Each structure stands twice: as C-alpha cells, then as structure tokens.
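What follows is calculated from the coordinates using simple rules that are stated; it is not laboratory data. In this text, all values refer to a predicted model and were calculated from it rather than measured experimentally. We place every Cβ from the backbone using ideal geometry, glycine too, and count neighbours over all the protein chains shown.
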Amino acid sequence: MIYRKLRICYYVGFTLIEVLISILILSIAVIGAIKMQINSIQMTQQSNYFSTAVELATEIAEKMRGNGVQLQSAASPFLKVNFHAGTDKIESSTTCFSANCSPDQLAESDIAEWLQHISSSLPDAHAVICQDDSPWDGGDNSLTWNCAASGNKSSVIIKLGWAEKKQASQTGFLIAPPRLAIAVISTIN
C-alpha cells in the first residue's frame, strides 16, 4: 500500500515537473514572439520615417528645380538651410499662393513650408541643403553633415536625419549621421 502511494506520488511529481518545464518553454517562446513583434513595429516605424523623408526631400527638390533662378544663384536661400527641429525656429514668410512673389520670396516661402512639414513629420529632424562634392565618408562608411564644395560646379545635396528612440543628442543636435542624401543638381556625368 505504501509502495503504491509512493509510486503515485512519484508519477504525480514527475508529471508536475514536466508541466512546469512545458510552461517555462512556452513562456520563453511567448516572450520571444513579443520581442519579435516589438522589433517589427520599430522597424516599420523607421521605414515609415525613411519613406516620409524621401517624400519631403523630393518635395523640396522639385520646388528648387521650379525656382531655377534661385537654384543657380550663389546667394540662394535654399543653400542656407541648416535646420534642427528641436532648437531652430521656423521664420514665417510671405505665402506665395495668392500674391505675386519674387523668386527670392518664393524660395523663402517654400523653405518655411518645407521646414514646417519636416518638424511635424520626423522626430528631432535635422535638414541641410548645401553644395557638396563628397556627402559620403568612406572612413566612417556613412553620410556626413559637413558640406565640402570645391566651387560653383559642386552638387546641390539635400541631407535629412531624424532621431531614433534611443539616440543620444547633444544640445539639440543629432549625433548620428544623415539617414538620407539626395542630389538636386549633380555634377557627376
């Protein structure tokens, strides 16, 4: 009788251990699935930011091409864009929808509208438009914020960057390199 009770306790105890091990394995699998889902959501968000950045860069590039007078000018307001969403203020300018504007006023209006779009669409956005011969840094294997133009024949480049969730910033400026660079006028033949 005692032997029979011990045998039953043995089987119940062994079954209980099997159930606990099964629950442990199942919980590890569920935690892994949750982590994969979180990573998927974060990657989707970054992909959406990148798509938005491409649209925004294309938008200002088309506006720049449409205002060819300012694009060809050495004193173009387009080439003075160096904007940090967290620290810089967007200067309001004349809206050129109903008024007759000069090419300079049209450029300033387009820039202000574009910067507003960037501020509302990308987290901690940073935008630079400049003449640059080498937007890619081969040593760091990334794009650079620096603009190094060798003359009037340098490419006009739009550079955009934004913050990721865990990215460190230093006095409002992005530490990370630009995530996107698009040539408006390329000097490469």
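Summed over qualifying helices (DSSP H, 4 residues or more, each -39500 (n - 2.57)) and divided by its residue number, the chain shows a 222 nm mean residue ellipticity of -17000 deg cm²/dmol.
Computing volume of the Cα convex hull per residue in Å³ directly from the structure and comparing it against (1) 189; (2) 120; (3) 131 singles out (1). Expressed in Å, the radius of gyration and Dmax of the Cα atoms of region 1-83 are 32.3, 103. Restriction of the GluC sites (Glu not before Pro) in region 67-129 to DSSP coil positions whose beta-carbon has at most 11 other beta-carbons within 10 angstrom yields E91.
Pulled fully out, how much extra length does the chain show between V30 and R7, if you take 0.36 nm times their separation in residues and subtract their Cα-Cα distance?
On the way: separation 23, 0.36 × 23 = 8.28 nm, distance 3.44 nm.
4.8 nm is the gain from fully extending V30 to R7.
If you plug the beta carbon distance of L16 and S40 into 1/(1 + (r/R0)^6) with R0 = 41 Å, you get a FRET efficiency near 0.70.
Beta carbons within 10 angstrom, averaged per residue: use that to sort the peptides 11-17, 69-75, 124-130, 177-183, highest first.
Working: 11-17: 10.0, 69-75: 13.6, 124-130: 24.0, 177-183: 18.1.
Order by mean packing, descending: 124-130, 177-183, 69-75, 11-17.
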